[in-house]
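Report on the following structure.
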Protein chains: 2
Amino acid sequence: MKKLKRSARLVEMTQYLLSRPHHLIPLTTFASRYGAAKSSISEDLAIIKEVFEDEGTGELQTLAGAAGGVKYIPKVGQAQATQFIDELCEKLSQPDRILPGGYLYMSDLLGQPALMNEAGKMFATAFAETEIDCIMTVETKGIPLAYATGAELNLPVVLVRRDHKVTEGSAVSINYVSGSHKSLHTMTLSRRALKEKSRVLIVDDFMKAGGTIQGMVDLLSEFNAEVAGVGVLVESGEVDSGERLLQDYISLATLRAVDAKGKEISVEPGNYFTQK
Amino acid sequence: MKKLKRSARLVEMTQYLLSRPHHLIPLTTFASRYGAAKSSISEDLAIIKEVFEDEGTGELQTLAGAAGGVKYIPKVGQAQATQFIDELCEKLSQPDRILPGGYLYMSDLLGQPALMNEAGKMFATAFAETEIDCIMTVETKGIPLAYATGAELNLPVVLVRRDHKVTEGSAVSINYVSGSHKSLHTMTLSRRALKEKSRVLIVDDFMKAGGTIQGMVDLLSEFNAEVAGVGVLVESGEVDSGERLLQDYISLATLRAVDAKGKEISVEPGNYFTQK
C-alpha cells in the first residue's frame, strides 16, 4: 500500500485503467492500493470519467453492488473516428499505390502500429457491447489489426493458418473458394485454439467478394462456434453486392475504383457509421 | 483550447503521453492545449514523472531549449520484468504443451495481446537507447511481438513474407538454410518496404539455431540496411552455442529441454537481464 496525494493518485489510476481495457476493477482494489477511502476513489473516478468522455478516449462504466467496480471501455469519439477514416481514405487514394493488375499496395499503412491500434480501437468501439469470446483472423496481413482489436477488447486472438504447421498440434482444415478469382485454397486451425460454442469476431485487412471471410465462417462451424461480427479495414466496392458472400460486416474504407491507366484510386468511407 | 483544473489536466496529460511513446512533445503544445502557464505544465510533468518512475511505467525525458519538450519512454521496471519472465517460464513449462516431435505449443500464449504487448515493452526497454528506424519480422508468429515493440518504440514494422505476393509489388527474394533441419527456404521483402541504410531491429517468437534470423540479416544486406539488434521471445537452449549462427541477441526465455516421454519441459529465463 502506498499513500499518494490526489494528484499522483489520478495519474496512477489513469495509467492503471488505460492499461486494463474491459477489465472490471473493484473499487476496493483502488482503495487498498492507495490507502484511500472509497468516497475519495469515487471522486477521482468521476474526474477521470469526465476527461475520458470529453476527450473521446472512452467510457468509464461503474457497476454498483458487491460484484461491482469500474470498467474502462475504449471508445473512439465520433469526431476522431471521422477524422481517422478521412485520413485513411486520403492515404489509400495516393496514386503510387497502384500495382500491376490493379492491386493496391497497403503494406506501408499496415506496417504502422499506431494506425493499426487506432483501427483496432474503432472495431472495439463498434463491438463494445457485443458478446465476444475471441478475435479470429487468417494469416498474414490482418494480424496486427486483430491483435489491436483484441488488446482493446481484452480478448485473445485465434490465428488461422494457410497450411498445417508442426507447432500447432492436431488441426482442422477446410477448402474454400476465393470469390474474386474462384480459386481454391486451404485454411487450417489448431484443434486446441478454439473452444466449442465460442462467439468469434472475425477481423481482416481487406475484403473483396468475401470468400476468405466466408472460409473462416465455415471453419467456425467445424468447431461449433459462431460469428459474433466481422470487421474489415478496407472493402472493395468493385463487387456487386449480389456477388458478395457476406452482408453483415463493418468496414472503415471502401475502395470504389482503381484506374491503373489514369493512375487514379477512388476511396470512400466504409459503412462504419451506418452499420455500427 | 480548453481550461482544465489541475486534476483534470493531469488525467488528460497522462493519457496524452501514454498514447504517444517516444514522441517529443514541446511544452508549448501542452501550454496552449490547456491555456496554462509553462511553469504549471512543468509542475504537472514532475508529478507524472514521479508516478511513472515509481510504478515502473516508464521515464519522462525532458529536453531543454528551443527544440525541447518532453518524451515518454516506456520502460518495464526491474521487478515487473522479473515477474513477467518468471510467469512466462512457468506457462511455457506446462507439460500439455508438448507436441509430437518434441515441438512446443505456444499459440495460446502468442494469442494473448496483453502478453505480447508486455513482451514488446520489454524489447522497447532493452532497445530504448538504440538508434533504430524500423522493426522487422518474418511471417507469421512473430508478428504480434514485432507490432507491440514497434508501438512502444514509435517505429514502423516491415514484414518479410515466405513467398512473393501480388500485393507487394517488386520484391527481393533470398534462400536461407533453416539451421536445425538444414532445409532450404525462401523469404521475400517488397522493394518499397525498406529504405536503404535503415537500422533494423529484428524480432521473432522463437530461435533455435538462428537460421531464420540469419536469413533476415542476409536480406537486410540486399537493401544495404543493417541490424540494430535482435530480440526473441524464446530461444532454444538445446543448441550448442557453437552451432548458433547468431551470438548477439536478447531473449526473454530459454527452452532448456523437452522430455516428451517424461512429459517435462524445462524453461529458464533468457539472457534479458545479462545482455540488456
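Below is a table of values for the structure above.
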{"item": "Members of the stretch A:198-229 found to be charged (D, E, K, R) and over 18 Å from A:Lys141 (Cβ atoms), listed by number", "result": "A:Arg199, A:Asp218, A:Glu222, A:Glu226"}
{"item": "Residues located in the stretch B:93-144, provided they are more than 9 Å from every other protein chain (Cβ to nearest Cβ), among the hydrophobic types (A, V, I, L, M, F, W, C) and either open to solvent by 10 Å² or more (accessible area, probe 1.4 Å) or more than 9 Å from the chain's Cα centre (by Cα) (or both)", "result": "B:Ile98, B:Leu109, B:Leu115, B:Ala126, B:Phe127, B:Ala128, B:Ile132, B:Met136, B:Val138"}
{"item": "Verdict on B:Thr82 being open to solvent by less than 20 Å² (accessible area, probe 1.4 Å), hydroxyl-bearing (Ser, Thr, Tyr) and under 22 Å from the mean Cα position of the chain (by Cα)", "result": "no"}
{"item": "Number of positions in the stretch A:119-174 that are at pLDDT below 95 and part of a helix (DSSP H, G or I)", "result": "3"}
{"item": "Meets criteria (away from chain A (no Cβ under 11 Å), among the acidic types (Asp, Glu) and in a strand (DSSP E or B)) for B:Glu59", "result": "yes"}
{"item": "Selected residue (criterion: farthest from A:Gly169 (Cα to Cα)) from residues of the stretch B:88-118 that are assigned to a loop (DSSP other than H, G, I, E, B) and not aromatic (Phe, Trp, Tyr)", "result": "B:Gln112"}
{"item": "Residues of the stretch A:175-203 that turn out to be in contact (Cβ under 8 Å) with a residue 60 or more places away in the chain and either surrounded by 18 or more Cβ atoms within 10 Å (Cβ to Cβ) or assigned to a loop (DSSP other than H, G, I, E, B) (or both), as a count", "result": "8"}
{"item": "Qualifying residue in the stretch B:40-56 (condition: under 25 Å from A:Glu43 (Cα atoms), in a loop (DSSP other than H, G, I, E, B) and in contact with a helix residue (DSSP H, G or I) (Cβ under 8 Å, 6 or more places away or on another chain))", "result": "no"}
{"item": "Selected residue [touching a Ser or Thr at 6+ places or on another chain (Cβ under 9 Å) and in a strand (DSSP E or B)] from A:Ser266, A:Ser251", "result": "A:Ser266"}
{"item": "Filter result (open to solvent by 30 Å² or more (accessible area, probe 1.4 Å), more than 22 Å from the chain's Cα centre (by Cα) and in contact (Cβ under 8 Å) with a residue 24 or more places away in the chain) within the stretch B:145-174", "result": "B:Asp163, B:His164"}
{"item": "Residue count for the stretch A:14-32, restricted to those that are out of contact with any Leu (no Cβ under 9 Å at 6 or more places or on another chain) and open to solvent by 20 Å² or more (accessible area, probe 1.4 Å)", "result": "6"}
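Table: residues versus (1) free of Cβ contacts under 8 Å to residues at least 60 places away in the same chain; (2) more than 11 Å from every other protein chain (Cβ to nearest Cβ).
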position: B:Lys5; (1), (2): yes, no
position: B:Arg9; (1), (2): yes, no
position: B:Thr14; (1), (2): yes, no
position: B:Pro21; (1), (2): no, no
position: B:Thr28; (1), (2): yes, yes
position: B:Ser39; (1), (2): yes, yes
position: B:Ile48; (1), (2): yes, no
position: B:Glu53; (1), (2): yes, yes
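The values are calculated or read from the model by the stated rules, or taken from the named source; none is laboratory data. The structure presented is a predicted model; accordingly, all values stated were derived computationally and were not measured. Positions of Cβ are generated from backbone atoms using ideal geometry, with glycine treated the same way; all protein chains shown enter the neighbour counts. These accessible areas exclude ligands, DNA and RNA; they are computed on the full protein's heavy atoms, side chains included. Shrake-Rupley method; radii C 1.70, N 1.55, O 1.52, S 1.80 Å.
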